[in-house]
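Read through the structure below, which is laid out as structure tokens, and then see the notes.
The values are calculated or read from the model by the stated rules, or taken from the named source; none is laboratory data. Because the structure is a prediction, the values reported are computed rather than measured. Please note: Cβ atoms are built from the backbone with ideal geometry, for glycine as well, and neighbour counts cover all protein chains shown. Side chains are part of the model used for accessible areas, which takes the heavy atoms of the whole protein and leaves out ligands, DNA and RNA. Shrake-Rupley method; radii C 1.70, N 1.55, O 1.52, S 1.80 Å.
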Amino acid sequence: EAQVTQNPRYLITVTGKKLTVTCSQNMNHEYMSWYRQDPGLGLRQIYYSMNVEVTDKGDVPEGYKVSRKEKRNFPLILESPSPNQTSLYFCASSSRTGWAYEQYFGPGTRLTVT
Amino acid sequence: AQSVTQLGSHVSVSEGALVLLRCNYSSSVPPYLFWYVQYPNQGLQLLLKYTTGATLVKGINGFEAEFKKSETSFHLTKPSAHMSDAAEYFCAVAGGNNNDMRFGAGTRLTVKP
């Protein structure tokens with residue numbers, strides 16, 4: 001089954017404790033992206049990757065890091081989480097063929113930073 | 001740069017009634033427009049998209065949307081609401097690359113029995 005998986009689905013942590021949210025897709029997609037979803041703000045892009053070893057900042061990259069060492073994986077790293085990073089996070093992937101590529105979304109990771 | 005405005009953060013309809021969710025966009029290039037649906041505790045799922053060609057786009061679950069360039073709108077409709085349509089709906093605009101995609105704030109649809 002074609003899918004994007006994220007782990008963990010729920011995470012409660014404390015300020016300053018480094019964490020990683022994993023994202024993996026099995027569709028051989030070149031493009032992957034991370035979003036955060038906050039009430040009243042919709043989805044905002046954090047980072048994206050056009051291919052292996054190619055990453056770039058989205059609209060809200062501060063406090064986050066990413067890496068793309070393999071095509072299927074795109075982990076999101078919070079080196080020193082803060083309470084304002086409490087949010088719902090989504091990973092997405094898409095193929096680059098054609099225009100207006102459909103993005104496939106993971107199930108989300110709900111992060112709480114206390 | 002692209003942006004999206006969804007009018008109404010909450011919409012409530014009765015089962016069987018018309019569903020109308022409003023979306024207006026701003027784009028400096030010919031837009032590609034999307035509607036996504038998010039069911040509780042799930043990720044986003046594509047409902048439909050407009051790229052080029054026919055301005056009336058049909059999607060899954062009986063939804064459709066019409067691209068109106070003169071009104072910069074891409075409203076989502078469904079003739080008859082079903083209880084299973086209760087979800088949050090997001091309109092998005094892109095300029096041809098996913099790194100340019102912008103989402104609206106979302107509209108939560110409630111369907112009353």
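The table for this structure:
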{"item": "Output for the range A:56-87, where each listed residue is at the interface with chain B (Cβ under 10 Å from one of its Cβ atoms) and open to solvent by less than 60 Å² (accessible area, probe 1.4 Å)", "result": "A:Gly58"}
{"item": "In the range A:28-55, residue surrounded by the fewest Cβ atoms within 10 Å (Cβ to Cβ) [restricted to those that are among the acidic types (Asp, Glu) and closer than 20 Å to B:Gly43 by Cα]", "result": "A:Asp38"}
{"item": "Looking only at the range B:60-83, and only at residues there that are surrounded by 12 or more Cβ atoms within 10 Å (Cβ to Cβ) and farther than 26 Å from B:Ser28 by Cα, the one that is modelled with the lowest pLDDT", "result": "B:Asn61"}
{"item": "Selected residue (only one of B:Val29, B:Val19, B:Val37, B:Val57 is over 17 Å from A:Glu102 (Cα atoms), in contact with a Leu (Cβ under 9 Å, 6 or more places away or on another chain) and of a type in the set (Val, Ile, Thr))", "result": "B:Val19"}
{"item": "Some residue of the range B:91-102 being of a type in the set (Asp, Glu) and either buried (at least 19 other Cβ atoms within 10 Å of the Cβ) or touching a residue at least 40 places away in the same chain (Cβ under 8 Å) (or both)", "result": "yes"}
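Residue-by-condition table, conditions (1) free of Cβ contacts under 8 Å to residues at least 24 places away in the same chain; (2) within 12 Å of the chain's Cα centre (by Cα):
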position: A:Asn26; (1), (2): no, no
position: A:Ser33; (1), (2): no, yes
position: A:Arg36; (1), (2): no, yes
position: A:Gly40; (1), (2): yes, no
position: A:Gln45; (1), (2): yes, yes
position: A:Val52; (1), (2): yes, no
position: A:Gly63; (1), (2): yes, no
position: A:Asn73; (1), (2): no, yes
